[in-house]
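> Handing you a structure now.
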Amino acid sequence: MALVTLTTDFGLRDPFVGIMKGVILSRAPQARLVDLTHDIGPQDVLAGALVLRHATPYFPAGTIHVAVVDPGVGGSRRPLCVETTAGLLVGPDNGLLSLAAPPAEVRGIIHLTDERFFLSPRSATFHGRDVFAPVAAALACGTPPAALGAPADDLVRLDVPEPHREAGAITGRVLYADHFGNLVTNVPESALADLDRGRLTLRAGSTVLTGIHGSYASVATGHPVAVVGSWGLVELAVRDGSARAALGLDVGDGVRIEIG
Amino acid sequence: MALVTLTTDFGLRDPFVGIMKGVILSRAPQARLVDLTHDIGPQDVLAGALVLRHATPYFPAGTIHVAVVDPGVGGSRRPLCVETTAGLLVGPDNGLLSLAAPPAEVRGIIHLTDERFFLSPRSATFHGRDVFAPVAAALACGTPPAALGAPADDLVRLDVPEPHREAGAITGRVLYADHFGNLVTNVPESALADLDRGRLTLRAGSTVLTGIHGSYASVATGHPVAVVGSWGLVELAVRDGSARAALGLDVGDGVRIEIG
Amino acid sequence: MALVTLTTDFGLRDPFVGIMKGVILSRAPQARLVDLTHDIGPQDVLAGALVLRHATPYFPAGTIHVAVVDPGVGGSRRPLCVETTAGLLVGPDNGLLSLAAPPAEVRGIIHLTDERFFLSPRSATFHGRDVFAPVAAALACGTPPAALGAPADDLVRLDVPEPHREAGAITGRVLYADHFGNLVTNVPESALADLDRGRLTLRAGSTVLTGIHGSYASVATGHPVAVVGSWGLVELAVRDGSARAALGLDVGDGVRIEIG
């Protein structure tokens, strides 16, 4: 009983996601379907890649993760199936799959070239329906990835900014803003391993926060707080509020964590 | 293992859709449920009908499609089950089911009159829960449509504007705007069959586009383009942007495709 | 085949709900999952509690209802499993579960203390993933609630305003505004049992409505109407429109139903 997840920027207002599910269930009636999200910002490949990176570890081994954030649909970008130690990633080769497929975990990459697995006729505007959904159905039915196309050597990798440790400070950047307005940075918990978290000072824009705490409940309602969030990354939050709105910060803004 | 799809204007903020699913699964525990969309504009029967028309062909034969966009709930409009060559449509008789049930494909129409299949007591405000969900559950359990009520001769049909071909031009109209801001017209690909697509000129409002292309990727980012979209209809799009926002056009606006 | 519903304020933009589903399906692959809603306003415990109260009766006996609206995550509020005559409720002890668990229907309350059932490591910011999802999976696999922690005597109960009947009038309050803009009050149909509904006058703000009707279709398009809605409560609606927008009323506002 194969499990298939779906991640797109299609939104839920139109039937596009439902149509993909119809295609999958027509060809793999036993497949279990789970939505990760369909509200990735239109064409926001980085957000989609972050979602896959942080969600896929919580699914059973062998899960098929289909992702379609695909501004280049109909152009020359390749459709891929990436096999990792955790499962299978299916989507366009534009970086979307790359953060969930670190090089050490990639077992194989297939360029999806065998049109017998696609819908026919195939549009040039909706490969979610015509390419990725039927390929996912084939995988869910047990077709080995290698049967779907030709081996490839690499995939497009996103250039995600890395945090830097310098004398007395770690500098990073806001990568993702969630629905609550929490601002997730690129600074991992591991970067704080040898530090006294209570004595750190986080600066971002005009915000200055003392200490990196364990939970939002460490401060009173309405107050800002820096925490290590559920993705293992330093986050800026406002308890029971939106850090994004209250602090005037957003994706791309810099943060600086001063030590001692 | 019956497959049941759901299409409503209930939104996902309230538990109405979840409640319908509870009713279905209480009576048909093996049913598979798929959401087409619940974000049809409130009472926008045309949008719901278009969604059904373009999504139902991608589902397995025999799928039960429940649709509730029902401004007349509690009034005199009939609840229907329409059997087509593709599957079963369940919903109010207000035109919502009509585009997915072209006359040549209708096998039978049942006016849902047998209250033994409804929830009791039955509200006059939420037939999705009290009428359509339990009827869908009965169908999912194998109850033949004819057992659910009385045969009917017809259903309410929407008056969708048709494109016109005149000397030197095809005139049509924007029918649907999707989440990306793509504007889907009523001009089908078949209307272009004998034409040189590269030499057509599409005019809508103050927009003039040359050629009807294969994909969004035919133009550079930010540029408008006319394509044949995934529904087999001529669409106006802006690559990586919103045609609706950028071109100042919306549902109902006219388009004119000039030949030669 | 256990049925698990999910109710949160996580929204659908981020993968948080999908991650919870991954955790559940990793540990209980046969579980059926149904979303009630994930668009509870951030930290709006009352709205979440009302959703549970009005949705859970439509699910099969024994359904596991997981709810996470949890402003106190990481603080001292207890994680609970409440067993009722209808099913199992899993979530934080902040009132969220209380309206679906009236005292007469509570069979047992378990303080979820056994960390062997949680994810490890466990964050202090996302107990939906780390505590409530794996506990739901354990329940779905047949683990008895008592095995998950220590019996508790009570749960936090929300202080929901009650309607009052006085000489010649019933006074109440708007409790919930739905997606259509219908305003649901706390006045139950039972409060009208001995009254002539056609002769009642409902006053709220500057709105005066005559009669409490059976359906929205009792008035013409655009007109306001008082009905008994699908939750068995008096509602203010505008046919094919939004009472919230048109009447300038919202959650918390008072209503007065004058008799005779």
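The values are calculated or read from the model by the stated rules, or taken from the named source; none is laboratory data. For clarity, every value in this text was computed on a predicted model and none was experimentally measured. Quick reminder, even Gly has a Cβ in these numbers, built from the backbone with ideal geometry, and neighbours come from all protein chains shown. Only protein heavy atoms, including side chains, enter the accessible area calculation; ligands, DNA and RNA are left aside. Shrake-Rupley method; radii C 1.70, N 1.55, O 1.52, S 1.80 Å.
> Just a yes or no: is a residue in the stretch B:218-241 open to solvent by less than 30 Å² (accessible area, probe 1.4 Å), free of Cβ contacts under 8 Å to residues at least 60 places away in the same chain and on the phi > 0 side of the Ramachandran plot?
Scanning the stretch B:218-241, I find at least one residue that is open to solvent by less than 30 Å² (accessible area, probe 1.4 Å), free of Cβ contacts under 8 Å to residues at least 60 places away in the same chain and on the phi > 0 side of the Ramachandran plot, so the answer is yes.
> Here is a further query. Could you look through the stretch B:186-215, keep only residues that are outside any strand (DSSP E or B) and among the charged types (D, E, K, R), and pick out the one that is modelled with the lowest pLDDT?
B:Asp194
> Take the residues in the stretch C:122-177 that are more than 25 Å from the chain's Cα centre (by Cα) and polar (S, T, N, Q); name whichever of them is farthest from C:Glu83 (Cα to Cα).
C:Ser123
> I'm trying to understand the selection: among the residues of the stretch C:15-43, which are of a type in the set (Ser, Thr, Tyr) and open to solvent by 10 Å² or more (accessible area, probe 1.4 Å)?
Residue satisfying the conditions is C:Ser26 alone.
> What residue, among those in the stretch C:55-113 that are charged (D, E, K, R) and at pLDDT 95 or above, is farthest from B:Gly18 (Cα to Cα)?
C:Arg78
> Ok, one more. So, in the stretch B:29-39, of the ones that are of a type in the set (A, V, I, L, M) and more than 8 Å from chain A (Cβ to nearest Cβ), which residue ends up nearest to B:Leu233 (Cα to Cα)?
Step by step, filter the stretch B:29-39, then rank; the result is B:Leu33.
> Turning to a different aspect of this structure: Considering each of A:Val73, A:Val51, A:Val23 in turn, give the residue that is part of a loop (DSSP other than H, G, I, E, B), facing another protein chain (nearest Cβ under 8 Å), among the hydrophobic types (A, V, I, L, M, F, W, C) and touching a residue at least 24 places away in the same chain (Cβ under 8 Å).
A:Val73
> Which pairs turn up if I take residues in the stretch C:165-185 that are under 11 Å from C:Ala243 (Cβ atoms) and modelled with pLDDT under 95 and look for partners that are open to solvent by 10 Å² or more (accessible area, probe 1.4 Å) and among the small types (Gly, Ala, Ser) with beta carbon separation below 9 Å, at least 6 apart in sequence or on another chain?
Listed pairs, sorted by first residue: C:Phe180/C:Gly241; C:Phe180/C:Ser242.
> Filter the stretch B:54-69 for residues that are open to solvent by 20 Å² or more (accessible area, probe 1.4 Å) and not aliphatic (A, V, I, L, M); which is farthest from the other protein chains (Cβ to nearest Cβ)?
Here the residue is B:Gly62.
> Can I ask one more? Conditions first: (1) in contact with an Asp or Glu (Cβ under 6 Å, 6 or more places away or on another chain); (2) surrounded by fewer than 24 Cβ atoms within 10 Å (Cβ to Cβ); (3) under 26 Å from C:Ser242 (Cβ atoms). B:Ser76 passes all but one, so which condition is the exception?
Evaluating B:Ser76 over (1) in contact with an Asp or Glu (Cβ under 6 Å, 6 or more places away or on another chain); (2) surrounded by fewer than 24 Cβ atoms within 10 Å (Cβ to Cβ); (3) under 26 Å from C:Ser242 (Cβ atoms) leaves (1) as the failure.
> How about the stretch C:78-164: which strands (runs of 3 or more DSSP E) wholly inside it have at least 1 residues that are within 24 Å of C:Asp44 (Cα to Cα) and touching a residue at least 40 places away in the same chain (Cβ under 8 Å)?
Filter on the stretch C:78-164 gives C:79-84, C:87-92, C:106-112.
> What's the number of the condition C:Asp35 fails, among (1) assigned to a strand (DSSP E or B); (2) touching a residue at least 40 places away in the same chain (Cβ under 8 Å); (3) of a type in the set (Asp, Glu)?
Just one mismatch for C:Asp35, condition (2).
> Is it the case that some residue within the stretch B:92-108 is touching a Phe, Trp or Tyr at 6+ places or on another chain (Cβ under 7 Å) and not small (Gly, Ala, Ser)?
No, the stretch B:92-108 contains no residue that is touching a Phe, Trp or Tyr at 6+ places or on another chain (Cβ under 7 Å) and not small (Gly, Ala, Ser).
> A further question follows. Please determine, by comparing only the residues of the stretch C:122-155 that are charged (D, E, K, R) and open to solvent by 20 Å² or more (accessible area, probe 1.4 Å), which one is farthest from A:Gly229 (Cα to Cα).
C:Asp153
> Go over the candidates B:Leu99, B:Leu158, B:Leu89, B:Leu119 one by one and state the one that is crowded, with 23+ Cβ neighbours inside 10 Å and under 25 Å from B:His38 (Cβ atoms).
After applying the criteria, what remains is B:Leu89.
> In the stretch B:217-260, which residue that is touching a Ser or Thr at 6+ places or on another chain (Cβ under 6 Å) and either among the polar types (S, T, N, Q) or not in a strand (DSSP E or B) (or both) is nearest to the other protein chains (Cβ to nearest Cβ)?
B:Ser230
> What do you reckon, is B:Arg197 open to solvent by 60 Å² or more (accessible area, probe 1.4 Å), within 14 Å of chain A (Cβ to nearest Cβ), of a type in the set (D, E, K, R) and more than 17 Å from B:Asp178 (Cα to Cα)?
Taking the combined requirement at face value, the residue satisfies it.
> Next up: Among the numbered criteria (1) more than 10 Å from chain C (Cβ to nearest Cβ); (2) surrounded by fewer than 17 Cβ atoms within 10 Å (Cβ to Cβ); (3) over 17 Å from A:Phe180 (Cβ atoms), which one does A:Ile212 miss?
All conditions are met except number (2).
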